[in-house]
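Notes to accompany the following structure.
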Amino acid sequence: MKKPVYLDYAATTPVDPAVADEMIKYLTPDGFFGNPASRSHGFGWQAEAAVESARSQVASLIHADPREIVWTSGATESDNLAIKGAVAGRENAHLITSTIEHKAVVDTCKWLELQGVEVTWLEPGSDGRIEPDQVFSALKPETVLVSLMLVNNELGCVTDIASIGAELRSRGVLFHVDAAQAAGKLPIDVTSMPVDLMSLSGHKVYGPKGVGALYVRRSADVRIAAQIHGGGHERGMRSGTLPTHQITGMGKALAIAEASLEEEITQLENLRASFMAGLNELSGVTLNGSQTHRVPGIINLSFEGVEAESLILGLRSLAVSSGSACASAAVEPSYVLRGIGLSDELAHRALRFSIGRFTTPEEMAFASAQIVDVVTRLRAVR
Ligand SMILES: *Cc1c(COP(=O)(O)O)cnc(C)c1O
């Protein structure tokens, strides 16, 4: 059977073959398999040098200092470390976040709420963006941290992090940004985008799963408490033997992302345009989220009169995501789509198509033809 066309790059990306080639060098007896924390022999020194070179590659993508990068197991852990670590030991702490953050942020904040931390949940407009004024008017003297994502994983919309960050910096409030969906999709520069903590993930940018990073701005004002204790790795912020192969894989992946950023944005814009043009003959297609502030690779569409679940069944030759979490019996509509004000009915009609580095024009043409076909058929039998 022919493999379906992969249109779920926002869920995960394949590892770039150049990244896999890099990773394999750090595993086997003839490779650099040493423990990067081993100080007494060359096996350790070589592994440590590789880890530090990858740290520079990750730092370079976001214009940070390598000493500001802490390795983690992924963006989920980075989000947990940033938020729990910033709040730890603070009395009467107040947090600000939004209702359409990734679960790694939403559930961390909900857990802190149960521990007595006060949380303000901002609601975005129908474009999926949080406006700077919403953040500023929610600030209190007790506000410790604001956590907002740069690019939303379901909608692809981009929030104005630079404006929010500038104001928060002047008011002395910490700012955490989940940039897992932004890395490799738009330029990120922590020198012009004032944030204190930023989460990154390897597997959303053609690196391996199970590795991520947290940018922690070097400043006496930015202190986060470790959430995993042990050997005191990563300047005490995150203990555990560093997975050299994962880390060098993420470093290589982000170096490729930095070098090919502009070219890739253009490629994805062209693919998106041809995909949308291919859908032109269908009426009743809505692009969910901001029409202008968005990354090209994430396309969330609702099809009038067609349930996403039926559409997915009809589109078996495409690997896409409905954003709905199937609980045993009931299908829950996505909390993100509900969060931007879509009715249950409209949220049930949304599908996310996400494209990336290995998507071809032929695949896009095939995908749009399939969608036109299946949507037309489903509408006819209504
Ligand atoms: C994928 C994703 C995460 C989780 O990252 P992992 O590395 O899989 O833990 C967090 N935030 C956003 C926005 C994501 O897209």
Looking at the range 267-288 only, could you name the residues that are among the acidic types (D, E) and out of contact with any helix residue (DSSP H, G or I) (no Cβ under 8 Å at 6 or more places or on another chain)? E269
Which residue is nearest to the ligand (Cβ to nearest atom), if the candidates are limited to the range 193-220 and must be touching a Pro at 6+ places or on another chain (Cβ under 8 Å) and under 22 Å from C157 (Cα atoms)? G202
Go through the residues of the range 273-285 one by one and say whether even a single one is under 20 Å from the mean Cα position of the chain (by Cα) and either basic (K, R) or modelled with pLDDT of 95 or more (or both). no
Take residues that are of a type in the set (S, T, Y), out of contact with any strand residue (DSSP E or B) (no Cβ under 7 Å at 6 or more places or on another chain) and in contact (Cβ under 8 Å) with a residue 60 or more places away in the chain and tell me which of the helices (runs of 4 or more DSSP H) falling wholly in the range 284-382 contain 1 or more. 308-314, 335-339, 361-380
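For the range 293-322, which residues satisfy the criterion of being among the basic types (K, R) and within 23 Å of the chain's Cα centre (by Cα)?
Within the range 293-322, just R294 meets the criteria.
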What are the residues in the range 1-11 that are open to solvent by 30 Å² or more (accessible area, probe 1.4 Å) and out of contact with any Asp or Glu (no Cβ under 9 Å at 6 or more places or on another chain), if any? M1, K2, K3, P4, A11
Only one of K84, K103 is open to solvent by 10 Å² or more (accessible area, probe 1.4 Å) and within 13 Å of the ligand (Cβ to nearest atom); which? K103
Of all residues in the range 176-192, count the ones that are within 17 Å of the chain's Cα centre (by Cα) and away from the ligand (no atom under 16 Å from the Cβ). 3
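The values are calculated or read from the model by the stated rules, or taken from the named source; none is laboratory data. Bear in mind that the values here come from a model prediction, so they are computed numbers and not experimental data. Cβ sites come from the backbone with ideal geometry, for glycine too, and all protein chains shown count toward neighbours. The accessibility values were calculated without ligands, DNA or RNA, using every heavy atom of the protein model including side chains. Shrake-Rupley method; radii C 1.70, N 1.55, O 1.52, S 1.80 Å.
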